[in-house]
């Protein structure tokens, strides 16, 4: 499940790539799709990135974005929380995780 805020972040990144070239935009969206499919197959493929939550991230290759997600342990459901540029400091997504809990 891709949360609305994460969907907005995907759309914003796709718009940026679209302004650069249609081919880049399509390649970005395809990379997102392939990555999301891989998470449904094996969500625990990436190690935990948050000490108290089952939050992980997957690098969106070859693009400089991370898919930050949480696994609901009861049934392995994946919740995509955000899609952020990899240059963002880790404090940014950790702060958002903490805000979400509040």
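The values are calculated or read from the model by the stated rules, or taken from the named source; none is laboratory data. None of these values were measured; they are calculated from a predicted model. Please note: Cβ atoms are built from the backbone with ideal geometry, for glycine as well, and neighbour counts cover all protein chains shown.
Quick notes on this one:
- In the range 39-62 there is no residue that is in contact (Cβ under 8 Å) with a residue 60 or more places away in the chain and within 20 Å of residue 90 (Cα to Cα).
- Selection status of residue 19, in contact (Cβ under 8 Å) with a residue 12 or more places away in the chain and surrounded by fewer than 18 Cβ atoms within 10 Å (Cβ to Cβ): no
- Out of 58, 29, 39, sole residue that is assigned to a helix (DSSP H, G or I), crowded, with 16+ Cβ neighbours inside 10 Å and either in contact with a strand residue (DSSP E or B) (Cβ under 6 Å, 6 or more places away or on another chain) or at pLDDT below 90 (or both): 39
- Matching residues in the range 1-26 - criterion: being within 25 Å of residue 94 (Cα to Cα) and in a loop (DSSP other than H, G, I, E, B): 1, 3
- So residue 88, is it without any contact (Cβ under 8 Å) to a residue 60 or more places away in the chain and part of a loop (DSSP other than H, G, I, E, B): yes
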